Amino acid sequence: MPAFLLVLLFLALPAQAIEDIRLTNGEWSPYLGQDLPHHGVASRIVEEAFALEGIRVRWQFYPWARALQHAESGKSDGSAIWLRSPEREQAFYVSEPVVDSGYYLFHRKDHPIDWREVGDLEPLRLGAAIDYDYGPAFQQAEQQGRLQVQRLSSEEQGLRMLLAKRLDAFPIDKVVAFDLLYSQFSREEREQLSFHPVPLRSDSLHLLLSRKVPGNAERMARFNRGLKALQNSGKVSQYLLEIQQPMSLAH
């Protein structure tokens, strides 16, 4: 190509080219998922917040442990979305909250439960997902053998074991639970389940950007700015409302 054409091509480029960022992701419908619309509502929020700052997200989907390791080592720029912890703050820049998550104890309607503190759960047969953290009190009681906890490979399995009367209670994010129940269970099955109104844990979930990647501190500042603008526009509330299912299981 003649040199003058190269110059013309360069001049035709936008003054500020789009910047790419590589983020790992996993499967946790309806928040995250490779085959979900917009890759899930949390992915949509992250992507649109970055877009407001001229940054385009390139998603990389992995099992959760690998997703975090890739981001921590700097093989990817970061990962969405995670709980904040002191350990993660050492390895990552942690964003402002992207979404809030509330874990509730689901149970059969014919076997209601009542609890106010973790000790009240000691007589119950509990399920829990492998590698999930249900809060310091629950984790400590489980490690000390005070709780009867069966760790399971999936949250769908936990809900099915409730229906089969093999568990008395199963903790799960309420939005995730309703997504599962409406996509994988019959109406008859859904109508057998309810949840206790006291959350086992309530947390915010965050974008993580690796401290090993140059420029990530500045990218995080831009993300937080874009996230605030997206929230102020009302779109975050709209997107979260769109994924809510009718709360027919509530007390």
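Data table
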item	result
Rounded to whole Hz, the Karplus (6.51, -1.76, 1.60) HN-Hα couplings of region 102-111, x for glycine and proline	x, 8, 10, 8, 7, 7, 6, 5, 7, 9
Carbon/sulfur fraction of accessible area - the chain, other protein chains in place, 1.4 Å, %	52
Surface accessible to a 1.4 Å probe, LEU36 within the full protein complex, Å²	50
Per-bin percent of Cα-Cα distances, the chain [5 Å]	1, 6, 12, 15, 16, 14, 12, 9, 6, 3, 1, 1, 1, 1, 1, 0
Under 15 Å from the ARG22 label point (7 Å along Cα→beta-carbon), backbone N, region 62-77	62, 67-77
Residue-wise HN-Hα coupling along region 63-71, computed from phi with Karplus coefficients 6.51, -1.76, 1.60 (Hz; x: Gly, Pro)	x, 4, 4, 5, 4, 5, 5, 4, 6
Total lysine pairs under 24 Å (Cα atoms) in the chain, excluding pairs fewer than 8 apart on one chain	5
Solvent-accessible area per residue for region 79-190 (1.4 angstrom probe, square angstrom)	48
For peptides 237-244, 61-68, 120-127, sequence by mean Cβ density within 10 Å, most packed first	120-127, 61-68, 237-244
³J(HN,Hα) computed for each position of region 133-139 - Karplus, 6.51 cos²θ - 1.76 cosθ + 1.60, integer Hz, glycine/proline x	9, 9, x, x, 5, 5, 4
Amide proton proximity set for GLN60, modelled H, under 5 Å, gap of 5+	LEU23, THR24, ASN25
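The values are calculated or read from the model by the stated rules, or taken from the named source; none is laboratory data. Please read these numbers as outputs of a predicted model, since none were measured by experiment. As a convention, Cβ positions derive from the backbone with ideal geometry for all residues, glycine included, and neighbour counts pool all protein chains shown. Protein only, heavy atoms only, side chains kept; ligands, DNA and RNA dropped before computing areas. Shrake-Rupley method; radii C 1.70, N 1.55, O 1.52, S 1.80 Å.
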